[in-house]
Amino acid sequence: MRNLLMTLLPASLCLFACLSAPANAEAQKATATLAGGCFWCMQAPFEKLAGVVHVDAGYIGGTGQNPTYEDYAAKGYVEAVQVVYDPTKISYAQLLDAFWRQIDPTDGGGQFVDRGAQYRSGIFYHDEAQKRLAEESKRQLGKSGRYDRPLVTEIIESGPFYRAEDYHQDYYKKNPIRYHYYRHRSGRDQYLEKIWGGDKDMNDKPMQAPKENVPSTKPMSGEELKKTLTPLQYEVTQGKGTEPPFKNEYWNNERAGIYVDVVSGEPLFSSLDKFDSGTGWPSFTKPLAPENIVEKTDRGLFTTRTEVRSRRADSHLGHVFNDGPKPTGLRYCMNSAALRFIPKEDLEKEGYGQYRKLFE
């Protein structure tokens, strides 16, 4: 009997350890809920912090259950992220420090290019300890002299948090180039650089070392683009190539929506300005966002033409000619391979909601 007990004891201990480990591991997790405008831009910085287990984008602070991207603003919700972390590796105070370095706490009308109450900043505390830390953190930041206006970020008791749709989760991983250019267009990075300089990412704090395998938001190199684009897309955008007429994706596309740079996602043209030029390539009378267009003199093919390129990605798009219809008299003759079409019904979820009103 004694030998039998000695044989069974290690197995029993192993079983006990296996059963108790998840509870212990779960006990080491804590939650922080923070709102700082576009949740795409708030998810990435926290996922890069050592000690953070995972981050969900979602909605909080409104009325009614199960908000969606289509109705969350009308229900009074704000975009937020819920950060699950290990407090033995990173503290709530350090998460607050990271939070302040991602937002404009003096803006009560939204965050950067995103306007409206649904984009206001806020700290949603889960207990009295978090509330005290948040209030003290805000007080100290207000005394720091970094800002010339009062801090208006709200500190509110947390309520139900609703996870956003799957296409919103980890947007910076799924669409790294588009995410980079969205952040740049929003003005967030420029503001943070002005306020925090090189300290905005907390690189001076050893505990905040970035996790491995987190995608960079830097523009892709030529080799990376070759892996991302099709051969034709690469030849056109990077090598000034031209696709065949009448045998390309958008020459006869009649759907309502906008056309963006296939590399960067910069908005370029609208279906409202598209016309049938008879050339076999998608043609437009004017750009949707002229600030995203660069025109250069092209003296190739024994003639002088005006080349059209995108400003941020520097993609070759096509050429512009003076034989278009009224009212502009211009024909922006583009390559489908340099463009990506976004239907009007997908503008919100793709991050181009500001153009939805054009089609209403």
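The values are calculated or read from the model by the stated rules, or taken from the named source; none is laboratory data. These numbers were taken from a predicted model, which means no experiment stands behind them. Positions of Cβ are backbone-derived with ideal geometry, glycine not excepted, and every protein chain shown enters the neighbour counts.
Does the stretch 83-94 contain at least one residue that is closer than 26 Å to GLU348 by Cβ, part of a helix (DSSP H, G or I) and touching a residue at least 24 places away in the same chain (Cβ under 8 Å)?
First, pick out the residues of the stretch 83-94 that are closer than 26 Å to GLU348 by Cβ: 83.
Filter again for part of a helix (DSSP H, G or I), leaving none.
No, the stretch 83-94 has no match at all.
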Mind checking which residues of the stretch 62-71 are in contact (Cβ under 8 Å) with a residue 60 or more places away in the chain and either among the acidic types (Asp, Glu) or touching a helix residue (DSSP H, G or I) at 6+ places or on another chain (Cβ under 9 Å) (or both)? TYR69, GLU70
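Here are SER270, SER264, SER277: which of them is over 14 Å from LEU317 (Cα atoms), touching a Phe, Trp or Tyr at 6+ places or on another chain (Cβ under 8 Å) and of a type in the set (Gly, Ala, Ser)?
Values: SER264 fails: over 14 Å from LEU317 (Cα atoms); SER277 fails: touching a Phe, Trp or Tyr at 6+ places or on another chain (Cβ under 8 Å).
Step by step, each of SER270, SER264, SER277 is checked, and only SER270 is over 14 Å from LEU317 (Cα atoms), touching a Phe, Trp or Tyr at 6+ places or on another chain (Cβ under 8 Å) and of a type in the set (Gly, Ala, Ser).
Just checking, how many residues over the stretch 271-309 are hydroxyl-bearing (Ser, Thr, Tyr), in a strand (DSSP E or B) and either buried (at least 16 other Cβ atoms within 10 Å of the Cβ) or over 35 Å from the mean Cα position of the chain (by Cα) (or both)? Walk me through how you get there before you give the answer.
Narrowing the stretch 271-309 to residues hydroxyl-bearing (Ser, Thr, Tyr): 271, 277, 279, 283, 285, 297, 303-304, 306.
Next, only the ones that are in a strand (DSSP E or B) stay: 283, 297, 306.
If we keep only those that are either buried (at least 16 other Cβ atoms within 10 Å of the Cβ) or over 35 Å from the mean Cα position of the chain (by Cα) (or both) as well, we get 283.
Qualifying residue count for the region: 1.
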Within the stretch 310-321, track down each residue that is over 16 Å from ARG340 (Cβ atoms) and either touching a Gly at 6+ places or on another chain (Cβ under 6 Å) or not in a loop (DSSP other than H, G, I, E, B) (or both). HIS319, VAL320, PHE321
Among the candidates GLU249, GLU212, residue that is at pLDDT 95 or above and among the charged types (D, E, K, R): GLU249
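Quick grid of which residues meet (1) in contact with an Asp or Glu (Cβ under 8 Å, 6 or more places away or on another chain); (2) modelled with pLDDT of 80 or more; (3) of a type in the set (Phe, Trp, Tyr); (4) farther than 22 Å from PRO45 by Cβ:
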| site | (1), (2), (3), (4) |
| --- | --- |
| TYR162 | no, yes, yes, no |
| GLU165 | no, yes, no, no |
| SER186 | yes, yes, no, no |
| TYR191 | yes, yes, yes, no |
| GLY197 | no, yes, no, no |
| ASN203 | no, no, no, no |
| SER216 | no, no, no, no |
| GLY241 | yes, yes, no, yes |
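Among the residues of the stretch 332-355, is there at least one that is β-branched (Val, Ile, Thr) and within 21 Å of THR297 (Cβ to Cβ)?
Of all residues in the stretch 332-355, those β-branched (Val, Ile, Thr) come to 342.
Okay, now just the ones that are also within 21 Å of THR297 (Cβ to Cβ), so none.
Looking through the stretch 332-355, none of the residues is β-branched (Val, Ile, Thr) and within 21 Å of THR297 (Cβ to Cβ).
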